1. Just how much of A:D66 is accessible, in Å², when a 1.4 Å probe is used and the result is rounded to the nearest 10?
2. Using only the alpha-carbon atoms of region A:62-103, report the extent along each of the three principal axes, biggest first, to the nearest angstrom.
3. Starting from the Cα gyration tensor of chain B, take the square roots of the eigenvalues, sort them a ≥ b ≥ c, and report rounded, prolate or oblate (rounded when a/c is under 1.5, otherwise prolate if a/b is larger than b/c, else oblate).
4. Tell me: how much accessible area in total is hidden between B and A, 1.4 Å probe, Å², nearest 100?
5. Explain nothing, just the number: dipole magnitude of the protein assembly as shown about its Cα centre with +1 on each Lys and Arg Cβ and -1 on each Asp and Glu Cβ, in debye rounded to the nearest 20.
6. Probe of 1.4 angstrom, ligands and nucleic acids ignored: what's the accessible area per residue over chain A, in square angstrom?
7. Can you tell which of A:Y21, A:V68, A:H44 lies farthest toward the positive end of the dipole of chain A, using +1 and -1 charges on the Cβ of basic and acidic side chains (Lys, Arg; Asp, Glu)?
8. For chain A, build the charge dipole from Cβ charges (+1 Lys, Arg; -1 Asp, Glu) around the Cα centre, then report which of A:P94, A:Q30, A:A59 sits farthest towards its positive end.
Number of protein chains: 2
Amino acid sequence: MIKVSVFYPNAANGRFDMPYYLNKHMPMVQQRLGTALKGVSVEHGLGGGQAGSPTSYLAMGHLLFDSVEAFQQAWGPHAEAIVGDVPNYTNTQPVIQVSEVKL
Amino acid sequence: MIKVSVFYPNAANGRFDMPYYLNKHMPMVQQRLGTALKGVSVEHGLGGGQAGSPTSYLAMGHLLFDSVEAFQQAWGPHAEAIVGDVPNYTNTQPVIQVSEVKL
């Protein structure tokens with residue numbers, strides 16, 4: 001299993017519309033990616049490790065797939081629509097990481 | 001539900017011993033935190049969003065708790081033992097983020 005994580009950095013004047021992300025963007029992503037998408041999770045950043053320290057990311061979204069190949073095949077035809085929706089909920093520059101799920 | 005994410009940056013000459021992390025560190029964390037710990041996940045970074053681009057993090061570990069207060073109460077008495085084990089599996093400086101699980 002692999003996880004595609006999208007990190008939205010806590011930049012100065014960073015905006016992230018969590019209701020839009022949860023109610024519009026993620027359902028669209030799920031509909032587009034279909035059965036290749038094995039799971040979804042979303043987190044809202046509260047803070048860093050020390051009390052009162054800033055969060056690294058305003059939000060994170062994670063998508064699970066069986067393999068990197070399954071992700072690429074499912075993502076390719078819909079990349080433009082999915083990426084094109086990003087400015088509707090954030091002005092930050094998302095950072096993407098592909099990981100192998102170990103536990 | 002809240003998630004405590006520990007990110008291990010992909011630094012120059014960064015070392016991360018995944019077998020130690022999975023077989024020694026995480027079981028110790030689970031034993032120390034007990035029933036306050038509601039879930040655990042671990043990922044190994046493969047790459048960035050573009051083919052061939054570097055991963056942001058060598059590895060990530062995530063711990064689930066019912067609330068920030070439940071995390072702090074469970075973590076406090078064991079922080080020294082848990083943090084003290086970090087040099088046994090990595091030379092990177094972990095970055096911690098506390099997040100609210102939305103989905």
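1. 90 Å²
2. Taking max minus min along each principal axis of the Cα atoms, region A:62-103 gives 32, 24, 11 Å.
3. Numbers: a/c = 2.21, a/b = 1.42, b/c = 1.56.
Because a/c hits 1.5 or more and a/b fails to exceed b/c, chain B counts as oblate.
4. Values: alone 6320 and 6350 Å², together 10140 Å².
Chain pair B/A: roughly 2500 Å² of buried accessible area.
5. Details: 12 positive and 14 negative charges, 17 e Å.
Dipole size: approximately 80 debye.
6. Values: 5080 Å² over 103 residues.
Per-residue value: 49 Å².
7. Working it through, the farthest residue towards the positive pole turns out to be A:H44.
8. Of A:P94, A:Q30, A:A59, it is A:A59.
The values are calculated or read from the model by the stated rules, or taken from the named source; none is laboratory data. What you are looking at is a predicted structure, and each value in this text was computed from that prediction instead of being measured. So basically every Cβ, Gly included, is an ideal-geometry build from the backbone, and we count neighbours across all protein chains shown. Just the protein is used for accessible areas: all its heavy atoms, side chains included, with ligands, DNA and RNA removed. Shrake-Rupley method; radii C 1.70, N 1.55, O 1.52, S 1.80 Å.
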